Amino acid sequence: AEGMCDALVRSIEIGLLATLVATLLGTLAAFALVRHDFAGRSSANLLIFLPMASPEIVMGSSLLALFVAAGFGGQLGFWTIFIAHVMFCLSFVVVTVRSRLAGMDDVLEQAAMDLYATPQQTFWRVTFPLVFPGILGAALLSFSLSFDDFIVTNLNAGTTTTFPMYVWGVAQRGVPMQVNAVGTLMFVISVSVVLIGELNSRRRAKALGAG
């Protein structure tokens, strides 16, 4: 039970850190790809889709080769897992936020600027609230992918054990009841987050309709 708790806490820590960094970088990249035209834009789009299209075993082994070539072969652990998770979560964040931006009408932004709002005021009071559901969805997806990942993590973990690796190890001798309890708890939390978001959306829609 003690080993399971350590692995669970480690997975949550890596998931939260990877989610924070991937969401921040992915959101900035999505804005750049949608709102700006620059040299190499098509190549950047291709690079973003590569981690999503590549098999996990290929990505995991490629990252391992990169870490070994960079001299981190004997230091595989928490931070190499973190970097690996940021790398594959980043693509999902960019795609999710970019789809939200692409489907967003810029009429409200233009209206705000017509009313003498500064670019900073327009972004924080108009653009960001409209894009935030996409950013939140991307962050939740990133955490789920990070917490659940096994193949990439196993190749770049060294002696560090995350929760999926712990489950895989103990499954050969029979899955303990604590693992089922953690799985049920994670499922309940995920469903609760989705339900709360849906209820808030419906409440806002009703408020707009009443107004």
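Got a sec? Which of Ser43, Ser11 is open to solvent by 50 Å² or more (accessible area, probe 1.4 Å) and out of contact with any Pro (no Cβ under 6 Å at 6 or more places or on another chain)?
On inspection, the qualifying residue turns out to be Ser43.
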Legend entry - Residue under evaluation Val191, criteria (1) touching an Asp or Glu at 6+ places or on another chain (Cβ under 9 Å); (2) free of Cβ contacts under 8 Å to residues at least 40 places away in the same chain, criterion not met: (1)
Legend entry - Condition check for Leu24: hydrophobic (A, V, I, L, M, F, W, C), assigned to a helix (DSSP H, G or I), within 23 Å of the chain's Cα centre (by Cα) and at pLDDT below 90: no
Inset, instruction - Residues being surrounded by 17 or more Cβ atoms within 10 Å (Cβ to Cβ) and touching a residue at least 24 places away in the same chain (Cβ under 8 Å): count how many of those fall in the range 48-86. - result: 14
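Tell me which residues, restricted to the range 90-143, are touching a Ser or Thr at 6+ places or on another chain (Cβ under 7 Å) and of a type in the set (S, T, N, Q). Spell out the reasoning first.
From the range 90-143, those touching a Ser or Thr at 6+ places or on another chain (Cβ under 7 Å) are 92-93, 97, 109, 112-113, 134-135, 137-139, 141-143; that's our starting set.
Within the range 90-143, just Ser142 meets the criteria.
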Inset, instruction - Within the range 27-40, track down each residue that is out of contact with any Leu (no Cβ under 8 Å at 6 or more places or on another chain) and either part of a helix (DSSP H, G or I) or surrounded by 13 or more Cβ atoms within 10 Å (Cβ to Cβ) (or both). - result: Thr27, Leu28, Ala32, Leu33
Legend entry - Qualifying residue in the range 119-137 (condition: of a type in the set (Val, Ile, Thr) and either without any contact (Cβ under 8 Å) to a residue 12 or more places away in the chain or exposed (fewer than 13 other Cβ atoms within 10 Å of the Cβ) (or both)): no
Legend entry - Matching option when the condition is β-branched (Val, Ile, Thr), at pLDDT 80 or above and assigned to a helix (DSSP H, G or I), among Val193, Val179, Val188: Val188
Inset, instruction - Please state which of the following conditions Leu101 fails to meet, knowing it meets all the rest: (1) at pLDDT 90 or above; (2) open to solvent by less than 40 Å² (accessible area, probe 1.4 Å); (3) closer than 18 Å to Ala138 by Cβ. - result: (1)
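The values are calculated or read from the model by the stated rules, or taken from the named source; none is laboratory data. Note that the coordinates shown come from a computational prediction; the quantities given were computed from them, not determined experimentally. Glycine also receives a Cβ, built like all others from the backbone with ideal geometry; neighbour counts cover every protein chain displayed. Side chains included, ligands, DNA and RNA excluded: accessible areas come from the protein's heavy atoms. Shrake-Rupley method; radii C 1.70, N 1.55, O 1.52, S 1.80 Å.
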